[in-house]
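Down below is the structure, laid out as structure tokens.
The values are calculated or read from the model by the stated rules, or taken from the named source; none is laboratory data. In this text the structure is predicted, and so the values were computed from the model without any measurement. Virtual Cβ from ideal backbone geometry, glycine too; neighbours counted across all protein chains shown.
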Amino acid sequence: MGTPPVIAVVGPTGSGKSDLAVNLALELDGEVINADAMQFYRGMDIGTAKITDSERRGVPHHLLDILDVTQEASVSRFQEQARDIIANIHSRGKRAILAGGSGLYVRAALDILEFPGTDPLVRQRLEAEVSALGTAVLLERLRDVDPVSAGRLSDARRIVRALEVHQITGRPFSSFMPQREYVQPAVQIGLAVDRDELRDRLARRVHRMVDAGLPAEVHRLDHEGLRQGKTASRALGYSQFLRVIDGESTVPEAVEDTIVATRQFARRQLTWFRADPRIHWLDWQDPALTAKAAELSRF
């Protein structure tokens with residue numbers, strides 16, 4: 001037999017990806033690789049619904065708690081780490097199971113995907129221009145050299161990145177977009193959800209997070225530099241409760257804002273994953289979910 005396919009469990013937040021990944025690992029003698037960017041961060045446990053030691057049920061998990069909140073997550077670095085771990089897991093005769101809803105990170109691990117480099121000086125100059133001239137001016141500049149990216153991007157951070165890539169490489173940022181071509185055999189299993197039920201589940205989950213101590217977790221991480229982290233500070237729940245600390249919001253307002261933001265995020269995830277025709281969709285509440293997913297994953 002050849003190399004077994006990498007298994008990826010994908011879908012919107014709150015759909016049960018972590019549980020299915022553990023069940024598959026127990027069924028297929030596998031190990032789980034985290035592909036949720038916010039679960040890279042040490043201490044960000046409650047607000048990211050990070051799987052606990054008991055919930056892992058003895059299954060090894062990789063790429064959890066690998067960054068401090070002040071560090072910036074890197075898709076290209078994740079690609080290197082994930083592929084090294086996949087190779088190691090396979091070399092030991094076990095199955096590698098990616099689990100997470102960060103779509104680009106999943107694609108980085110599975111697909112042929114090239115990442116252009118960075119240049120801090122170019123980035124700083126472009127960021128200064130955004131501050132001085134405004135986002136619209138740089139977007140117009142991007143439209144001249146990369147109309148495809150200009151049509152897709154609207155926020156300053158991504159516009160700066162697209163211009164940086166063009167200046168460094170001479171190629172439009174859009175030329176680096178991933179193709180739907182696996183770098184090695186893979187099978188993706190998507191959790192198909194009832195959207196109304198998911199909306200209710202996400203609201204209940206946010207309330208449980210608050211009851212479990214999310215405000216205190218955010219307060220503690222604030223002292224550890226959460227605000228300085230470009231990635232961590234934007235996490236769902238954390239940015240909302242930082243405003244409570246600053247006196248700009250109340251706890252009930254932060255709860256409602258987090259629920260709304262989480263639902264919006266889930267919709268974006270579904271849009272992303274639904275665009276990939278390679279994903280096998282299974283009902284998230286099917287009693288035979290694990291058995292069906294395992295059957296798809298056998299080789």
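Here is how the numbers come out for the structure above:
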{"read-out": "Qualifying residue in the stretch 106-121 (condition: modelled with pLDDT of 95 or more, under 30 Å from V59 (Cβ atoms), aliphatic (A, V, I, L, M) and in a strand (DSSP E or B))", "value": "no"}
{"read-out": "Some residue of the stretch 165-177 being at pLDDT below 95, closer than 28 Å to V9 by Cα and under 20 Å from the mean Cα position of the chain (by Cα)", "value": "yes"}
{"read-out": "Evaluation of K292 against (1) farther than 27 Å from L67 by Cβ; (2) surrounded by 18 or more Cβ atoms within 10 Å (Cβ to Cβ) (one fails), failing number", "value": "(2)"}
{"read-out": "From A212, A235, A254, residue being under 18 Å from E72 (Cα atoms), at pLDDT 95 or above and hydrophobic (A, V, I, L, M, F, W, C)", "value": "A235"}
{"read-out": "Filtered residue count, the stretch 168-225, keeping only those that are in contact with a strand residue (DSSP E or B) (Cβ under 9 Å, 6 or more places away or on another chain) and among the small types (G, A, S)", "value": "3"}
{"read-out": "Meets criteria (surrounded by fewer than 15 Cβ atoms within 10 Å (Cβ to Cβ) and in contact (Cβ under 8 Å) with a residue 60 or more places away in the chain) for G213", "value": "yes"}
{"read-out": "Exclusive hit being buried (at least 20 other Cβ atoms within 10 Å of the Cβ) and either over 30 Å from F299 (Cβ atoms) or outside the structural domain of H62 (by TED's automatic domain parsing) (or both), set L138, L98", "value": "L138"}
{"read-out": "Long-range neighbours under 6 Å by Cβ, at least six apart or interchain, first residue within 16 Å of L202 (Cβ to Cβ) within the stretch 262-285, second part of a strand (DSSP E or B) and not hydroxyl-bearing (S, T, Y)", "value": "W284/L191"}
{"read-out": "Count of residues meeting criterion [closer than 28 Å to P287 by Cβ, in contact (Cβ under 8 Å) with a residue 60 or more places away in the chain, aliphatic (A, V, I, L, M) and surrounded by fewer than 22 Cβ atoms within 10 Å (Cβ to Cβ)] in the stretch 21-48", "value": "1"}
{"read-out": "The stretch 160-192: number of residues that are within 27 Å of P4 (Cα to Cα) and without any contact (Cβ under 8 Å) to a residue 40 or more places away in the chain", "value": "1"}
{"read-out": "Those residues of the stretch 70-95 which are touching a strand residue (DSSP E or B) at 6+ places or on another chain (Cβ under 9 Å) and either surrounded by 22 or more Cβ atoms within 10 Å (Cβ to Cβ) or over 21 Å from T48 (Cβ atoms) (or both), in sequence order", "value": "A82, I86, A87, N88, I89, H90, R92, K94, R95"}
{"read-out": "Filtered residues of the stretch 1-38 (kept if within 16 Å of the chain's Cα centre (by Cα) and among the charged types (D, E, K, R))", "value": "K17, D36"}
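The rows are residues; the columns are (1) buried (at least 20 other Cβ atoms within 10 Å of the Cβ); (2) part of a helix (DSSP H, G or I); (3) at pLDDT 95 or above; (4) over 22 Å from the mean Cα position of the chain (by Cα).
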residue: R243; (1), (2), (3), (4): no, yes, yes, yes
residue: V260; (1), (2), (3), (4): no, yes, yes, no
residue: A266; (1), (2), (3), (4): yes, yes, yes, no
residue: W281; (1), (2), (3), (4): no, no, yes, no
residue: L296; (1), (2), (3), (4): no, yes, yes, yes
